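Structure first, commentary second.
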Amino acid sequence: MSIHPLVARARRLWEDLAGVPALFPPRGGVNVVVSPESGMCLAAWVGLVALGRSAIATAPATAPWRSSETHCADFRRRTSERLECAGA
C-alpha cells in the first residue's frame, strides 16, 4: 500500500528533526533512537511521533531509551490497529 504524499512529506520533516538517522519503519513499527539534540521535543524529554501507522521516538540518553522501548512496544500494541491517517 502506498503512502499518501502529505504523510510522506510529514515523515521526512520529523525524521530530520530527530537529529540522527531515524526512519519511520514499516506499518505497525516503532523506531527508537538516542538523540540528545532531537528537535522533536524539549531537551531531556522523550519524543514520539506516529504517522501512517508507524512511529519514530527519540530519547535523550541510553538509560531512558530502554524504558522508552518498553513504552513504544506498549504504544504499538495498543494503537497499531487504531492509528488512522490520510492515505494509510
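The values are calculated or read from the model by the stated rules, or taken from the named source; none is laboratory data. Remember, it's a predicted structure, so these values are computed and weren't measured experimentally. Calculation scope for accessible area: heavy atoms of the full protein, side chains included, ligands and nucleic acids excluded. Shrake-Rupley method; radii C 1.70, N 1.55, O 1.52, S 1.80 Å.
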Calc'd 3J(HN,Hα), segment 38-45, phi into Karplus 6.51 cos²θ - 1.76 cosθ + 1.60 (θ = phi - 60°), Hz, glycine/Pro = x, comes to 4, x, 7, 7, 5, 4, 6, 9
Heavy-atom accessible area of segment 1-57 with neighbours in place, 1.4 angstrom probe: carbon+sulfur share in percent works out to 63
Of TRP45, TRP14, ordered by accessible area with the largest first and a 1.4 Å probe, the sequence is TRP45, TRP14
